[in-house]
Amino acid sequence: MDAIERHADARTAVAGARSVVAFTGAGVSAESGVPTYRDAGGLWRNYQAEDLATMEAFRRDPATVWEWYGERRRTMGLCEPNAGHCALATLEERLGDGLVLVTQNIDALHHRAGSRRVLEIHGNAFRTVCSVCDYEIEGLQYDTPKSTTCPSCGAWLRPDVVWFGEPLDEALVERAFVAAAACDLFLSIGSSLLVQPAASLPEVALSSGARIIEVNMEPTWLTPEADWSFQGPAGEVLPALVG
Ligand code: BV8
């Protein structure tokens, strides 16, 4: 089956699906200018994850961790959703709550593309919460807050993201895994599928009999298992699959 036929086949699968999970990683935002984590020049090459995205690092040097998130807020805040994000927003319009969008991204670009039902399982870089009490700054912040001290308990404020070694929000994880077990089509888009527990979602879908479409620039452990795997930019492949 050549690429065109494979494409047509996958398009038919998307058109015919009734319950879909779209699972996204940094690759879906790459064409918007958001650096990915592991690609050449990816975030982690410049900084060791454990140096910046852990509670230990924050306790050790909160000012540097805030400097890093302030820089990422400024960078990501200037990025616009791309055709890949927009295609998923279109799919949500068509499927209603038949689509569950689970993202590892903290860049809020799915929301900005118009998607409404987005499970941000690793948090949102633009939200600010207290590292101790349940205080939260209203709305989104696109830079380091003027004061990083909690006005309620005096502790450090932090970005509302999940750091390595920290548990994800149980209710969000539950909804994501229930949707993966129940879907008839699972889309894995722009993820190296290396970070747990998120990377187990395609496995749950696979073992529940869902058909799998992968869109990623390079092969992953899921590639040989997928019904269709497209190694191309999500901003080009997704509109062709969903359009
Ligand atoms: C936890 C928010 C326990 C912060 C993130 C050993 C084995 C197994 C697991 C572990 C282990 N050691 C430690 C763990 C656990 C750890 C983990 O999985 N580590 C990995 C690295 C081995 N997981 C955790 O720590 C989790 N917590 O386990 O807690 C616990 C439980 C109960 C009670 C107490 C404790 C927390 C994980 C979440 C961490 N936070 N982000 C921040 O960002 O600042 S993870 C972060 O990295 C992202 O959110 C994302 O999830 C991940 C990056 O992965 P991807 O999105 O896939 O990005 P990547 O760059 O890797 O790949 C991009 C892909 O896109 C590439 O393949 C590329 O080819 C492709 N691409 C590029 N351009 C395009 C494209 N594709 C299409 N189109 C393009 N244009």
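The values are calculated or read from the model by the stated rules, or taken from the named source; none is laboratory data. Bear in mind that the values here come from a model prediction, so they are computed numbers and not experimental data. Quick reminder, even Gly has a Cβ in these numbers, built from the backbone with ideal geometry, and neighbours come from all protein chains shown.
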* Asked: In the range 211-243, which residues are in a loop (DSSP other than H, G, I, E, B), crowded, with 19+ Cβ neighbours inside 10 Å and either within 9 Å of the ligand (Cβ to nearest atom) or in contact (Cβ under 8 Å) with a residue 60 or more places away in the chain (or both)?
  -> Asn216, Thr220, Pro233
* Scanning the range 13-46 for residues that are among the hydroxyl-bearing types (Ser, Thr, Tyr) and modelled with pLDDT of 95 or more, which turns out farthest from the chain's Cα centre (by Cα)? -> Ser19
* Of (1) within 20 Å of Ser29 (Cα to Cα); (2) under 17 Å from the mean Cα position of the chain (by Cα), Ala179 satisfies all except one. Which? -> (1)
* Those residues that are assigned to a helix (DSSP H, G or I) and either among the small types (Gly, Ala, Ser) or on the phi > 0 side of the Ramachandran plot (or both), I need them from the range 160-206; list them, please. => Ala171, Ala176, Ala179, Ala180, Ala181, Ala182, Ala198, Ala199, Ser200, Ala205
* Asked: Out of the range 104-149, which residues are buried (at least 18 other Cβ atoms within 10 Å of the Cβ) and touching a Gly at 6+ places or on another chain (Cβ under 8 Å)?
  -> Gln104, Asn105, Ile106, Phe126, Thr144
* To do: Test Ser207 against the stated conditions and say whether it is free of Cβ contacts under 8 Å to residues at least 12 places away in the same chain, of a type in the set (Ser, Thr, Tyr) and over 19 Å from Leu88 (Cα atoms).
  => yes
* **Residues (surrounded by fewer than 18 Cβ atoms within 10 Å (Cβ to Cβ) and either within 15 Å of the ligand (Cβ to nearest atom) or at pLDDT below 95 (or both)) located in the range 196-210** => Gln196, Pro197, Ser200, Glu203
* Verdict on Leu193 being surrounded by 15 or more Cβ atoms within 10 Å (Cβ to Cβ), over 17 Å from Tyr37 (Cβ atoms) and at pLDDT 95 or above -> no
* Among the listed residues Gly98, Gly154, which satisfies the condition of being more than 23 Å from Gly33 (Cα to Cα), away from the ligand (no atom under 16 Å from the Cβ), among the small types (Gly, Ala, Ser) and within 20 Å of the chain's Cα centre (by Cα)? -> Gly98
* Identify the single condition in (1) away from the ligand (no atom under 16 Å from the Cβ); (2) in contact with a Phe, Trp or Tyr (Cβ under 6 Å, 6 or more places away or on another chain); (3) of a type in the set (Val, Ile, Thr) that Thr144 does not satisfy, given that it satisfies every other one. => (1)
